[in-house]
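Novice: Below are the structure tokens for one structure; questions will follow.
The values are calculated or read from the model by the stated rules, or taken from the named source; none is laboratory data. Predicted model, so just to flag it, every value in this text is computed and none were measured. Because the Cβ atoms are built from the backbone with ideal geometry, glycine has one as well, and the counts that use them run over all protein chains shown. These area figures cover heavy atoms from the full protein model, side chains too; ligands, DNA and RNA do not enter into them. Shrake-Rupley method; radii C 1.70, N 1.55, O 1.52, S 1.80 Å.
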Number of protein chains: 2
Amino acid sequence: MVDDVDRKLIRILKENSRLSYVEIGKKIFLSPSSVRERIKKLEDTGVIKAYTLNINENLLGNSLEVFIMLKIFSGKFKTVISEISSYAEVKEAYRITGQHNVHMRVALKDQLHLQQFIDKLVTFGEPTTHLILSKVGNS
Amino acid sequence: MVDDVDRKLIRILKENSRLSYVEIGKKIFLSPSSVRERIKKLEDTGVIKAYTLNINENLLGNSLEVFIMLKIFSGKFKTVISEISSYAEVKEAYRITGQHNVHMRVALKDQLHLQQFIDKLVTFGEPTTHLILSKVGNS
DNA sequence: TTTGAAACCGAAAAATT
DNA sequence: AATTTTTCGGTTTCAAA
């Protein structure tokens, strides 16, 4: 279904998803049209979910990046989760198992902004916060 | 420095980083050449760090996705971190504050694979594992 | 008033789809 | 064959000199 060439394509696109089919083809000695067909199939079958972007949040004025895990109060996940993931500060969010229900990566201007953000979260559950020091590797 | 138009460009590229300059320009009523100039500047100044990819790990044969936080044994972060981020299973890794030193998102074939992976990690530190149930929103 | 920098546009050649 | 990318010259704006 997904063979070795597909995995190479995925690896290449993970490094740079804006490469042209020609450039991708050169890297694996495959014609542009073959590259295109394979990538289209990966998109259509849902293997590739989205093409996206990594941002330097500091340069956008967000000097703090944190993980926040939230232990949501009784029951109503659905509303809390959709509310939370609508916040501009929340860059990613996952439902997880364990002590907490939600794990999110959040970008914030400064300490005051963090405090205000946590004040909002405490109406939904108990948050636990970890500062992000750096991203490691390009795994 | 980064104005409102730039923020729109970033929002658009975050949704789909493979859009053409023409398509991006239509969305914000800007010529393709201007779109290109602005995006190039965002790349050159480092605001845009990378164009990348979201993958459905299940369809690649990885039925488990987990967060693992690691409390690394004495001192030598550097080697441990570079070792860890070289593993194919590790999709992202961050240095963080708190009880643990590293936070990573890991994709694995099955429970046995997870067990073997944890067995490797315990030589470096104390791991704590949380299953990922689902990704929420498209934040 | 002039100068220079920054942003935008349109047209044409080169490259990609 | 059609579309997109790339390059480049020209225009406008704005603020500093």
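Novice: Could you grab me the full set of residues in the stretch B:23-37 that are within 14 Å of chain A (Cβ to nearest Cβ) and either open to solvent by 60 Å² or more (accessible area, probe 1.4 Å) or of a type in the set (S, T, Y) (or both)? Outline the logic, then answer.
Specialist: The initial filter retains those residues of the stretch B:23-37 that are within 14 Å of chain A (Cβ to nearest Cβ), namely B:23-24, B:35-36.
Correct list: B:E23, B:R36.
Novice: Report the residue count in the stretch B:47-62 for those that are more than 7 Å from every other protein chain (Cβ to nearest Cβ) and either open to solvent by less than 20 Å² (accessible area, probe 1.4 Å) or closer than 17 Å to B:K135 by Cα (or both). Don't jump to the end; show me each part of the working.
Specialist: Pass one, the stretch B:47-62, residues more than 7 Å from every other protein chain (Cβ to nearest Cβ): B:57-58, B:61-62.
Restricting the remaining residues to those that are either open to solvent by less than 20 Å² (accessible area, probe 1.4 Å) or closer than 17 Å to B:K135 by Cα (or both) gives B:57-58, B:62.
The total comes to 3.
Novice: Within the stretch B:23-50, how many residues turn out to be within 14 Å of DNA strand D (Cβ to nearest atom) and either at positive phi or touching a strand residue (DSSP E or B) at 6+ places or on another chain (Cβ under 6 Å) (or both)?
Specialist: 1
Novice: Check A:I81, A:I68, A:I72 and return the single one that is touching a residue at least 24 places away in the same chain (Cβ under 8 Å) and closer than 25 Å to B:R11 by Cβ.
Specialist: Details: A:I81 fails: touching a residue at least 24 places away in the same chain (Cβ under 8 Å); A:I72 fails: closer than 25 Å to B:R11 by Cβ.
Exactly one residue qualifies, and that residue is A:I68.
Novice: A:L42: part of a helix (DSSP H, G or I), closer than 30 Å to B:A88 by Cβ and open to solvent by less than 50 Å² (accessible area, probe 1.4 Å), yes or no?
Specialist: Working: part of a helix (DSSP H, G or I): yes; closer than 30 Å to B:A88 by Cβ: yes; open to solvent by less than 50 Å² (accessible area, probe 1.4 Å): yes.
Taking the combined requirement at face value, the residue satisfies it.
Novice: So, B:E15, is that one more than 9 Å from chain A (Cβ to nearest Cβ) and either of a type in the set (F, W, Y) or open to solvent by 70 Å² or more (accessible area, probe 1.4 Å) (or both) or not?
Specialist: No.
Novice: When you look at B:S20, is it surrounded by fewer than 15 Cβ atoms within 10 Å (Cβ to Cβ) and within 16 Å of DNA strand D (Cβ to nearest atom), yes or no? Reasoning before the result, please.
Specialist: Numbers: surrounded by fewer than 15 Cβ atoms within 10 Å (Cβ to Cβ): yes; within 16 Å of DNA strand D (Cβ to nearest atom): yes.
Yes.
Novice: Taking the options B:N62, B:N58, name whichever one is in a loop (DSSP other than H, G, I, E, B) and away from DNA strand C (no atom under 16 Å from the Cβ). Break it down into steps so the answer makes sense when it comes.
Specialist: Working: B:N58 fails: in a loop (DSSP other than H, G, I, E, B).
Going through B:N62, B:N58 in turn, just one is in a loop (DSSP other than H, G, I, E, B) and away from DNA strand C (no atom under 16 Å from the Cβ): B:N62.
Novice: Check the stretch A:107-114 and report whether any residue there is more than 7 Å from every other protein chain (Cβ to nearest Cβ), open to solvent by less than 40 Å² (accessible area, probe 1.4 Å) and touching a helix residue (DSSP H, G or I) at 6+ places or on another chain (Cβ under 6 Å). Even if it seems obvious, please write down each step before you answer.
Specialist: Here is the first cut: in the stretch A:107-114, the residues more than 7 Å from every other protein chain (Cβ to nearest Cβ) are A:107-114.
Now narrow it down to the ones that are open to solvent by less than 40 Å² (accessible area, probe 1.4 Å): A:107-108, A:113-114.
Next, only the ones that are touching a helix residue (DSSP H, G or I) at 6+ places or on another chain (Cβ under 6 Å) stay: A:107-108.
Scanning the stretch A:107-114 turns up at least one residue that is more than 7 Å from every other protein chain (Cβ to nearest Cβ), open to solvent by less than 40 Å² (accessible area, probe 1.4 Å) and touching a helix residue (DSSP H, G or I) at 6+ places or on another chain (Cβ under 6 Å).
Novice: Okay, next question. What are the residues in the stretch B:65-84 that are buried (at least 19 other Cβ atoms within 10 Å of the Cβ) and within 19 Å of the chain's Cα centre (by Cα), if any?
Specialist: Within the stretch B:65-84, B:E65, B:V66, B:F67, B:I68, B:M69, B:L70, B:I81, B:I84 qualify.
Novice: Hey, does the stretch A:90-102 have a residue that's touching a residue at least 40 places away in the same chain (Cβ under 8 Å) and surrounded by 20 or more Cβ atoms within 10 Å (Cβ to Cβ)? Can you show your working first?
Specialist: Step one: list which residues in the stretch A:90-102 are touching a residue at least 40 places away in the same chain (Cβ under 8 Å), which gives none.
Scanning the stretch A:90-102 turns up no residue that is touching a residue at least 40 places away in the same chain (Cβ under 8 Å) and surrounded by 20 or more Cβ atoms within 10 Å (Cβ to Cβ).
Novice: For the stretch B:3-11, check the following and say yes or no: at least one residue is without any contact (Cβ under 8 Å) to a residue 12 or more places away in the chain, surrounded by fewer than 14 Cβ atoms within 10 Å (Cβ to Cβ) and away from DNA strand D (no atom under 16 Å from the Cβ). So that I can check it myself, show each step before the final result.
Specialist: Initially, the stretch B:3-11 is screened for residues without any contact (Cβ under 8 Å) to a residue 12 or more places away in the chain, giving B:3-4, B:7, B:11.
Now narrow it down to the ones that are surrounded by fewer than 14 Cβ atoms within 10 Å (Cβ to Cβ): B:3-4, B:7, B:11.
Keeping just the survivors that are away from DNA strand D (no atom under 16 Å from the Cβ) gives B:7, B:11.
Yes, that holds for at least one residue.
Novice: Looking at the structure I just gave you, is B:K120 within 23 Å of A:E65 (Cα to Cα) and either more than 8 Å from every other protein chain (Cβ to nearest Cβ) or of a type in the set (S, T, Y) (or both)?
Specialist: Judged against the criteria, B:K120 is not a match.
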